[in-house]
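Since the structure comes first, as structure tokens, the remarks are kept for the end.
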Amino acid sequence: MENTDPSLLPSIIFTTAAQLVDCVDKKLLVVLRDGRKLIGILRSFDQYANLVLQDTIERIIVESMYSDIQRGVYIVRGENVVLVGEIDPEKENSIPLREVSLDEIYAAQQDEIDNRRRRELTKNSKLVDIGFSIDTQQEDMY
Amino acid sequence: MLPLTLLNTSQGHPMLVELKSGETLNGHLVNCDAWMNLTLKEVVQTNSDGTRFFRLPECYVRGNNIKYLRVPDEVLDIAREKNQQQREEQRKSNQPQRGGYNRQYSSSGQRGGYNRSRGGGNVGRGGGQFQRGGRGTQY
């Protein structure tokens, strides 16, 4: 019964954007619904979890390779954010990924997209054969 | 300084708007509102593949279609300066009112956002339902 006593539950944890207070002025990884990964310093946010990121880079990651693009200041609309994570400054220099050039990553990314599309097509055709109808749209790419 | 405040101060500046569809609009921000609806001028619209471009003298974007906006770095600095100036002016205008019971915080009508000038006690006001629990220790 003690667990349900409201005076013992910290009410602050139920307010959604409240947790971002601790993340302000920190370097964060933000993953968007389209699969993009932005790394920047959080400068402010609001009750919708709209974010202001400064000195942001967009990091494209394909398999074990990555490449960064300098982007500047973002205002990200909250509904497009999947997750936000604090970047540990000590660990960020020893990530298990290999940095490559933009051209290389774009090529690898295109291959990945083509493979995914091919897999979707074969999966859908097999499902149709068994009698399923394909009416789902792949909206969120993360 | 709240995200929408930053957006307001970037009126007149160029910016890039990416929509949920992946299309991008490059143009100068004319006006914006609390729902993130925008009017832009001298806009270059690019489709999501980056293969087709359209030039629009003016354009209106309904806020819910926006994925993100990119603004020039200077805009953030300009907005910060304005914020400081505003706070100083408020401090000055508060001073002659001593002697009476006067509990004025430097509020600027911002709801539910994190603002470093406050003590952090206003976070989450947008949701509101869960703050007054138990013994009402807030007051």
- A:D25 passes all but one of the listed conditions (1) in contact (Cβ under 8 Å) with a residue 60 or more places away in the chain; (2) farther than 24 Å from B:G50 by Cα; (3) more than 8 Å from chain B (Cβ to nearest Cβ); the exception is number (1)
- Taking region A:45-66 and keeping only residues that are within 10 Å of chain B (Cβ to nearest Cβ), of a type in the set (V, I, T) and within 17 Å of A:E92 (Cβ to Cβ), one is left with A:T56
- For region B:25-37, how many residues meet the condition of being touching a helix residue (DSSP H, G or I) at 6+ places or on another chain (Cβ under 6 Å) and either open to solvent by 60 Å² or more (accessible area, probe 1.4 Å) or within 11 Å of chain A (Cβ to nearest Cβ) (or both)? 3
- Item | Selection status of B:T51, in a strand (DSSP E or B), open to solvent by 20 Å² or more (accessible area, probe 1.4 Å) and among the hydroxyl-bearing types (S, T, Y) | no
- For region B:42-59, does any single residue satisfy the condition of being among the basic types (K, R) and within 20 Å of the chain's Cα centre (by Cα)? no
- Note on the structure: Here the residues within region A:77-93 that are farther than 13 Å from A:C23 by Cβ and surrounded by 18 or more Cβ atoms within 10 Å (Cβ to Cβ) are A:R77, A:N80
- Message: Based on this model, can you work out whether B:E58 counts as of a type in the set (D, E) and in contact (Cβ under 8 Å) with a residue 24 or more places away in the chain?
- Response: yes
- What is the residue count in region B:9-24 for residues that are in contact with a helix residue (DSSP H, G or I) (Cβ under 7 Å, 6 or more places away or on another chain), more than 10 Å from chain A (Cβ to nearest Cβ) and polar (S, T, N, Q)? 1
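Here's the yes/no breakdown for (1) within 23 Å of B:Y68 (Cβ to Cβ); (2) open to solvent by less than 60 Å² (accessible area, probe 1.4 Å); (3) not small (G, A, S):
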| residue | (1), (2), (3) |
| --- | --- |
| A:L32 | yes, yes, yes |
| A:S44 | yes, yes, no |
| A:R118 | no, no, yes |
| A:K126 | no, no, yes |
| A:T136 | no, no, yes |
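The values are calculated or read from the model by the stated rules, or taken from the named source; none is laboratory data. On a predicted model such as this, the values are computed, not experimentally measured, just so you know. Neighbour counts are summed over all protein chains in view; Cβ atoms, including those assigned to glycine, are modelled from backbone coordinates with ideal geometry. Surface accessibility is based on the protein's heavy atoms, side chains included, excluding ligands, DNA and RNA. Shrake-Rupley method; radii C 1.70, N 1.55, O 1.52, S 1.80 Å.
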